[in-house]
1. Output the number of the condition that ILE249 fails; it satisfies all remaining conditions of (1) within 16 Å of the chain's Cα centre (by Cα); (2) outside the structural domain of PRO74 (by TED's automatic domain parsing); (3) surrounded by fewer than 20 Cβ atoms within 10 Å (Cβ to Cβ).
2. Out of all the residues in segment 113-127, is one or more touching a strand residue (DSSP E or B) at 6+ places or on another chain (Cβ under 9 Å) and part of a helix (DSSP H, G or I)?
3. Could you list all residues from segment 62-87 that are outside any strand (DSSP E or B), at pLDDT 95 or above and not charged (D, E, K, R)?
4. Residue by residue through segment 43-55, note down the ones that are surrounded by fewer than 19 Cβ atoms within 10 Å (Cβ to Cβ), of a type outside the set (A, V, I, L, M, F, W, C) and under 16 Å from the mean Cα position of the chain (by Cα).
5. Scan GLN58, GLN32 and give me the residue that is assigned to a strand (DSSP E or B), crowded, with 16+ Cβ neighbours inside 10 Å and not hydrophobic (A, V, I, L, M, F, W, C).
6. Quickly run through segment 41-82 and pick out the residues that are under 21 Å from ASN190 (Cβ atoms) and of a type in the set (S, T, N, Q).
7. Those residues that are more than 10 Å from GLY215 (Cβ to Cβ) and touching a Pro at 6+ places or on another chain (Cβ under 9 Å), I need them from segment 81-112; list them, please.
8. Quick one: count up the residues across segment 222-238 that are in a helix (DSSP H, G or I) and either touching a helix residue (DSSP H, G or I) at 6+ places or on another chain (Cβ under 9 Å) or more than 14 Å from GLU65 (Cα to Cα) (or both).
Amino acid sequence: MLGKVFIFIKHCLIMVLILTSSAVSANSPSLQLYYEQFPPYNFKQDGAMQGINAEIVQVICMKAEIQCQFTLLPWTRAFALAQSEKNAGVFSTGMSSERRPKFLWVGPLVADRTSIFKLKSRTDITYSEIGGLRQYSVAVVRNTVTKFIMMQQGVATEENFVEFSFLEDYLPLFFEGKVDLIPGSLLALNYQFKRLGLPIEDVEPVFTLNEDGLGNYLALNKNTSPEIADKLNEALVELKEQGWVGQKIAQYKQSP
C-alpha cells in the first residue's frame, strides 16, 4: 500500500513540474538516454522507470525543453551505445579520469560514498594496507567504474572480480558466501536489500574507496551539442537550489 502511495506522489510531483515548465515542442532537441537496473538510482518497476536519478533526469529534460527517450538495457550495452550514437547518453555513471574526455557530463546527480562490504559473520575477511583485498572475490556489474577505481587504488586486481550483468544476480550469492565482497553505498544497498528481503544489518564495510570518479552523472555522447549539456546542468542546479533533490532522496530512503 505504501509503495502505491509513493508512486502516486512521485507522479504528482512530476506532473507539477511539467505544468510549471515550458512545454517541450516537437521542434525541441532530442536525446536517447539509456539506463540500467540500479536501484534506488535508476530502475524499472511495474512497467515504469523509477529511481532518484531517473526522476532527476526526467525533470531536467523537461525544464531544459529537451525531448528525452529512455531505454533500460544491461550496463555494458547501455554504455557502448552512449559512446557510439550521437545525441545518446547513459546514467548513472562515474566520471573517472579515463572516461572524462569521452563524454559531455551532466551532474553530479545523487550519489553516496562507495565502500566494499562483507558479511559480519565473515571474520576471516580483513583489509590490509599491503595486500588490499586481493585474496578475496569481489562481485561487480560488468564494466562498472567501481572495478577500475578499485584497481587504480591498488585494492584489487583483475583476478579478484566476478562480473555479472545485473546487481540482483549476485546479491543472493553474496549472502550464500559464494562471493566474498560487494561494492556499494549504504543508500543503495539498504534500498536493494529491502527489495530482495535481505538483512542489511548482516553486512559491514571493510574499506571505503576514494571518491574521485565515483559520483553519479549523466554522460552524453561526445558529438552531442554542448548547449544541450549546458541547459541540463543549469536545470539540475535549479532543482538542487529549490530543495527538490533533497526531498527526492528522502522519499526513496523511506521506500520500498
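1. Here ILE249 clears every test but (2).
2. Scanning segment 113-127 turns up no residue that is touching a strand residue (DSSP E or B) at 6+ places or on another chain (Cβ under 9 Å) and part of a helix (DSSP H, G or I).
3. Across segment 62-87, the qualifying residues are MET62, ALA64, ILE66, LEU73, ALA78, PHE79, ALA80, LEU81, ALA82, GLN83, SER84, ASN87.
4. Matches in segment 43-55: LYS44, GLN45.
5. Criteria check complete, one pass: GLN32.
6. Answer for segment 41-82, where residues must be under 21 Å from ASN190 (Cβ atoms) and of a type in the set (S, T, N, Q): ASN42, GLN45, GLN50, ASN53.
7. If the condition is that a residue be more than 10 Å from GLY215 (Cβ to Cβ) and touching a Pro at 6+ places or on another chain (Cβ under 9 Å), then ASN87, LEU104 are the ones that fit.
8. 9
The values are calculated or read from the model by the stated rules, or taken from the named source; none is laboratory data. Worth saying up front: this structure is predicted, and the values here are computed from it rather than measured. Heads up, the Cβs are rebuilt from the backbone with ideal geometry, glycines too, and the neighbour counts pull from every protein chain shown.
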